[in-house]
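What follows is a single structure, written as structure tokens, with notes after it.
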Amino acid sequence: MIRLESPLRFASEADARELADLVNFAGEGLPLYVWQGLAREDQDPWEIGRARQTEKAREGRIIVVDFGDGAVASLTGYPIGSEPTPIVDDFPALFRPLQELENKALESWYVNVLACYPEYRGQGLGSRLLELAEQIAREEALGRMSVIVADNNAGARRLYERFGYEEVAMVSCAKEGWVTETEHWVLLIKSLRAVDDR
């Protein structure tokens, strides 16, 4: 089990508002678009986002950076197994390209959310969380890391490439009414074995 030292900690239910913000940053606005589609007429879409993040926090699936005033950056990820997820006819079109890429990253630890409030960028928090993600992957005996980035998110791509991630696949983005400048999703993978074998 990973041990965290301040300012790192596992997220709690009290972080739900910040976590919804952060997952929306990381998802290029796609999460909010999805929450809007799920919300009833009288419901705030952010309420759905906060509820989803609360559930993940309860499961111990989110790590945050907190300097004492609440979460300012977060990491969520999970291991991808050895078998691809079937993409059946009724699989949501919006997520089909993302699942196609995930299916090319079998047996990796997938960085699902790595995000930081804009005013805290440039302080090395993303690097710190990525190092932690690699530590988790090694503890889970996984030999590689994976992440999907939007083709227009140059900052995120630079961070991952600096850490040794390389592009292995790209697919067109399905928009389905989602207003975005993203045209493609890009799968980046990093081998951890090469690092371990030095």
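The values are calculated or read from the model by the stated rules, or taken from the named source; none is laboratory data. Since the structure is predicted, the reported quantities are computational estimates derived from the model, not experimental observations. Glycine also receives a Cβ, built like all others from the backbone with ideal geometry; neighbour counts cover every protein chain displayed. What goes into the accessible areas is simple: the full protein's heavy atoms, side chains included, and nothing from ligands, DNA or RNA. Shrake-Rupley method; radii C 1.70, N 1.55, O 1.52, S 1.80 Å.
So the values come out like this:
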quantity: Given (1) part of a helix (DSSP H, G or I); (2) open to solvent by 70 Å² or more (accessible area, probe 1.4 Å); (3) under 24 Å from residue 119 (Cα atoms); (4) not acidic (Asp, Glu), number of the condition residue 52 does not satisfy; calculated: (3)
quantity: Residue ID - modelled with the lowest pLDDT, chosen from residues in region 166-181 that are in contact with a Lys or Arg (Cβ under 8 Å, 6 or more places away or on another chain) and surrounded by 13 or more Cβ atoms within 10 Å (Cβ to Cβ); calculated: 174
quantity: Options 19, 75; residue that is open to solvent by less than 60 Å² (accessible area, probe 1.4 Å), out of contact with any Phe, Trp or Tyr (no Cβ under 6 Å at 6 or more places or on another chain) and assigned to a helix (DSSP H, G or I); calculated: 19
quantity: Residue within region 186-193 that is touching a residue at least 24 places away in the same chain (Cβ under 8 Å), open to solvent by 20 Å² or more (accessible area, probe 1.4 Å), more than 21 Å from residue 4 (Cα to Cα) and in a helix (DSSP H, G or I) present; calculated: yes
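Let's see how each residue does on (1) under 15 Å from the mean Cα position of the chain (by Cα); (2) polar (S, T, N, Q); (3) at pLDDT below 95:
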residue	(1), (2), (3)
15	no, no, no
29	yes, no, yes
93	no, no, yes
100	no, no, no
104	no, no, no
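Residue by residue, here is whether (1) of a type in the set (S, T, N, Q); (2) in contact with a helix residue (DSSP H, G or I) (Cβ under 7 Å, 6 or more places away or on another chain); (3) part of a helix (DSSP H, G or I) holds:
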| site | (1), (2), (3) |
| --- | --- |
| 3 | no, no, no |
| 33 | no, no, yes |
| 36 | yes, yes, yes |
| 42 | no, no, no |
| 68 | no, no, no |
| 82 | yes, no, no |
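Residue by residue, here is whether (1) surrounded by 15 or more Cβ atoms within 10 Å (Cβ to Cβ); (2) in a loop (DSSP other than H, G, I, E, B) holds:
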{"position": "104", "(1), (2)": "yes, yes"}
{"position": "109", "(1), (2)": "yes, no"}
{"position": "141", "(1), (2)": "no, yes"}
{"position": "147", "(1), (2)": "yes, no"}
